[in-house]
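J.: My questions all concern the structure below.
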Amino acid sequence: MPPVKKPSDEDLMAQFAAGDAQAFEELAERHRRGIYAFILRFVGHRNTADDLLQDVFVRIVRSADGFEQRSRFTTWAYTIARNLCIDHLRKQKHRRHKSLDQPLRKGENEGLSLMDQVATKDAGPDRGADNARLRTLLADAMAELNEEQREVFLMREQAGLPFAEIADVVGAPVNTVKSRMRYALQNLRARLEAAGMGLEP
Amino acid sequence: MNCKWAEERVVDYLYDELSAEERQVFEKHLAECPEHAREVEASRKILGLMRAEDEVAREEAPALAASVFQAARERSATKPAQVIRPAFWQRWALRPAAMAAVLAMVLVGVALLVGIRPKNEPGMMSEQARPAEVMKAIAPVNVQNEQQASPPPASTTAEFKRESSDQPRRPATSRRMRKKPDPACSDVRPKHLVLRAKRQRRRQEKRREGKPSTGPAACPLASLKVRRLSAACRTRTLAP
């Protein structure tokens, strides 16, 4: 007997749109973790990530009719997550003072940010970093990326979206998206090395 | 090799999106350019660290709130009726097809009425080729088909018209037949007069039943009127 094929995300979404609440529960179970990890990396706070995770799924429920069968569920769901994260960060930015993520020069979206100037090389390197320290380092490094680089990095790494689809979501050419990915990697590398994480072989 | 060329392909190389030839050229460049070699190495390490950390983050994911599932159930409960109704573009898309079908039916009807039919119909040929016994055996089934598809060639157009208009044969007592007004006078007598006459007749009958001794002359005026009306009716129908 052939093995029973699991329904695709898109099938489940169609079932849910047609009134099957069970299909939604299956989708939620499949993607809850990935979307949470994405949001956590995006906003950097557990409590906020928890709230936003609920918001993402509420929005999936509410706009199930807007989902087109042709598009991929992950692209659609992570776009919702990305938009909610950006909204959240914008609100925060208004409340706080100038962000370290802002580009140095006006109109410049790629490359170095203010953080590159203020980061100090003598931040007490502690080789033999344990896992907890590595985690905070990574989280900090991620939080310090500018928004455009961070969203591209996370959509590629966390959501697993191909660059072409990321380009659609953020509304930029594929080459620009790839450049942002490269800058993100360069910035992460600079931060980790500045914090004493040896990345060289 | 050219550093600029390689720079633009670092990400493609990391995600294995280069063609085989490009990858060869790129790797040759890495062997010659320590800066890009370090960048690729460091990037791979970062991606590896992040992916390992992601596993931890995924495990920490909280469950969805009951209210989210509640919202999903509520939405599903209100859903089925809406799903059955097609989107408006679907409804419109169906229209030309329906119109085409109606048009086709009308054309076929007109063609049958006028007596035009395609020559050398394959179905007819095979039917003619059949032995008479077979034809007899399937006769009850074929009677109608023949009438529809191939009227006897001898019949005139007028005859055929009559026949084909009779197609859906109704019993003599069908509603249409019963409803058919009496051709003798209904076309000349206005309805209110017919009704009045009816009422008068009924009244007369009642009177007859109630007082059998008086007879039909109980109200001479009324019967006179009726008689006069029906006479007028007859004369008018006969006139042309």
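J.: Within the range A:34-54, how many residues are at the interface with chain B (Cβ under 9 Å from one of its Cβ atoms) and more than 23 Å from residue A:184 (Cα to Cα)?
T.: 3
J.: Residues that are at pLDDT 90 or above and in contact with a Cys (Cβ under 9 Å, 6 or more places away or on another chain): which helices (runs of 4 or more DSSP H) entirely in the range A:1-118 hold 1 or more of them?
T.: A:21-43, A:46-62
J.: Residue by residue through the range A:160-176, note down the ones that are surrounded by fewer than 24 Cβ atoms within 10 Å (Cβ to Cβ) and closer than 18 Å to residue A:86 by Cβ. Show your work before the answer.
T.: Going residue by residue through the range A:160-176, those that are surrounded by fewer than 24 Cβ atoms within 10 Å (Cβ to Cβ) are A:160-165, A:167-176.
Those that are surrounded by fewer than 24 Cβ atoms within 10 Å (Cβ to Cβ) and closer than 18 Å to residue A:86 by Cβ: A:161, A:165, A:167, A:168, A:169, A:170, A:171, A:172, A:176.
J.: Go through the range B:1-24 residue by residue and tally those that are within 57 Å of the chain's Cα centre (by Cα), closer than 18 Å to residue A:184 by Cβ and either in a helix (DSSP H, G or I) or away from chain A (no Cβ under 14 Å) (or both).
T.: So the count comes out to 4.
J.: Restricting the range A:1-22 to residues that are among the aliphatic types (A, V, I, L, M) and more than 9 Å from chain B (Cβ to nearest Cβ), which is surrounded by the fewest Cβ atoms within 10 Å (Cβ to Cβ)? Give the derivation first.
T.: Of the residues in the range A:1-22, the ones among the aliphatic types (A, V, I, L, M) are A:1, A:4, A:12-14, A:17-18, A:21.
From the residues that got through so far, the ones that are more than 9 Å from chain B (Cβ to nearest Cβ) too are A:1, A:4, A:12-14.
Values: A:1: 3, A:4: 6, A:12: 21, A:13: 23, A:14: 18.
The extreme case among them is A:1.
J.: Does the range A:46-57 include one or more residues that are touching a residue at least 40 places away in the same chain (Cβ under 8 Å) and of a type in the set (Ser, Thr, Tyr)?
T.: Let us first name the residues in the range A:46-57 that are touching a residue at least 40 places away in the same chain (Cβ under 8 Å), namely A:48.
Within this subset, residues satisfying the condition of being of a type in the set (Ser, Thr, Tyr) are A:48.
Within the range A:46-57, one or more residues are touching a residue at least 40 places away in the same chain (Cβ under 8 Å) and of a type in the set (Ser, Thr, Tyr).
The values are calculated or read from the model by the stated rules, or taken from the named source; none is laboratory data. Not measured: the values here are computed from a predicted model. A quick note on method: Cβ atoms are made from the backbone with ideal geometry, for glycine too, and the neighbour counts reach across all protein chains shown.
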